[in-house]
Amino acid sequence: MAAGHRTMNTTATPFLKWAGGKTRLLSRILPRFPDHLGTYYEPFLGGGAVFFAMAAAQRFDQAVLADTNSELINLYRVVRDNCASLIRGLTPHVAKAKEPDWFYYVRSLKPAELEPIERAARTLFLNRTGFNGLYRVNRRGEFNVPFGKYPNPKVLDVARLEAASRALQGVELRCADFAAVAAEAGEGDGVYFDPPYVPISATSSFNAYQAEAFGAEAQEQLVDTFRCCWKRSAIAVMSNSDCEYTRELYRCLDVEVVRVPRAINSVGSGRGRVNELLVVGPGSADSVSVSTTSTRVLRVVSS
Ligand SMILES: C[S@@+](CC[C@H](N)C(=O)[O-])C[C@H]1O[C@@H](n2cnc3c(N)ncnc32)[C@H](O)[C@@H]1O
């Protein structure tokens, strides 16, 4: 194969580090969807681990990906439509990736004053060089993650970006709320919901992706949205943390407990394995009990 075509067979995988990325849970999530879907919806896109895996396995005809983070959606659109320009735009950042002054200068730039390609390069650079790949903003919506101090941050991965760009061709990318996007799913479609998680402790900040946190009202609306997808005969799957609140919130739904390595945690000692919930079905009116001893399905349906 000619050198110029060397990257053609690279399978697309996430090009961002993203808190709550689902790469390690793919073996539990993917089998929950039928072999082939009409439209695949991922309304909390983040790093898009499930989308890239579904795309690599050619499991859908079309995909609609959404997130309320406008910087993230701009970046995905630029990767889809202007990948070569993004690669050129990232090049000046590569040599300065270990310099804190450069990081804080780029962080201080106002996205609204930049062109889409520069904005996308800024977002990707900050993601690769910022602390733990976190995306966190202050009340004014300004990105405020500190410098990550990585010895060798990989700011530019050409093969990965080009593979992602190919996987994103023809994919619809929306900056939108989850409910509006999921409302379109119907028979033959699939939806994977990966919301900001309910904090498992007071210090946990997994719902602080945006200036406005994803609170109890949003979590409840998400349950309604999940049920509505199933009512319209779409296959919906949803992740969340395993805590008293989510067990109560999902008590009538079909839920599996899954054990996952926690990769991103601002407290080093908090790393390790944690339980998460994977909601795999709508439950039914005849649900009678909840089994907390089972490690698989929490809700037991009467026969
Ligand atoms: C847990 S992350 C998704 C992780 C992703 N599945 C992955 O594998 O990397 C949650 C995402 O939801 C987005 N988000 C927060 N509130 C939202 C809302 N109301 N509607 C849509 N997206 C939202 C955040 O910007 C964040 O990117």
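Screening the candidates Ala202, Ala176 for the property of being modelled with pLDDT of 95 or more and not charged (D, E, K, R) yields one hit, Ala176.
Among the residues of segment 7-51, those identified as near the ligand (Cβ under 9 Å from one of its atoms) and part of a helix (DSSP H, G or I) are Thr23, Leu25, Ala49, Val50, Phe51. When Gln219 is tested against (1) surrounded by fewer than 17 Cβ atoms within 10 Å (Cβ to Cβ); (2) at pLDDT 95 or above, just one condition goes unmet, and that condition is (1).
What is the residue count in segment 91-132 for residues that are among the small types (Gly, Ala, Ser), more than 13 Å from Leu72 (Cα to Cα) and crowded, with 17+ Cβ neighbours inside 10 Å? Step through it out loud before you land on a result.
Pass one, segment 91-132, residues among the small types (Gly, Ala, Ser): 95, 97, 108, 112, 120-121, 130.
Narrowing further to those that are more than 13 Å from Leu72 (Cα to Cα): 95, 97, 108, 112, 130.
Then drop every residue that is not crowded, with 17+ Cβ neighbours inside 10 Å, which leaves 97, 130.
Matching residues across segment 91-132 total 2.
Residue-by-condition table, conditions (1) within 26 Å of Ala179 (Cα to Cα); (2) surrounded by 21 or more Cβ atoms within 10 Å (Cβ to Cβ):
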| position | (1), (2) |
| --- | --- |
| Thr11 | no, no |
| Ala19 | yes, yes |
| Leu37 | yes, yes |
| Phe51 | yes, yes |
| Met54 | yes, yes |
| Gln58 | yes, no |
| Asn69 | yes, no |
| Arg77 | yes, no |
| Ser85 | no, no |
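Assess whether Arg88 counts as being out of contact with any Lys or Arg (no Cβ under 6 Å at 6 or more places or on another chain) and in the same structural domain as Phe143 (by TED's automatic domain parsing). Lay out the reasoning, then the answer.
Values: out of contact with any Lys or Arg (no Cβ under 6 Å at 6 or more places or on another chain): yes; in the same structural domain as Phe143 (by TED's automatic domain parsing): yes.
Criteria met by Arg88.
The values are calculated or read from the model by the stated rules, or taken from the named source; none is laboratory data. Because the structure is predicted, anything quoted here is derived from the model rather than measured. We place every Cβ from the backbone using ideal geometry, glycine too, and count neighbours over all the protein chains shown.
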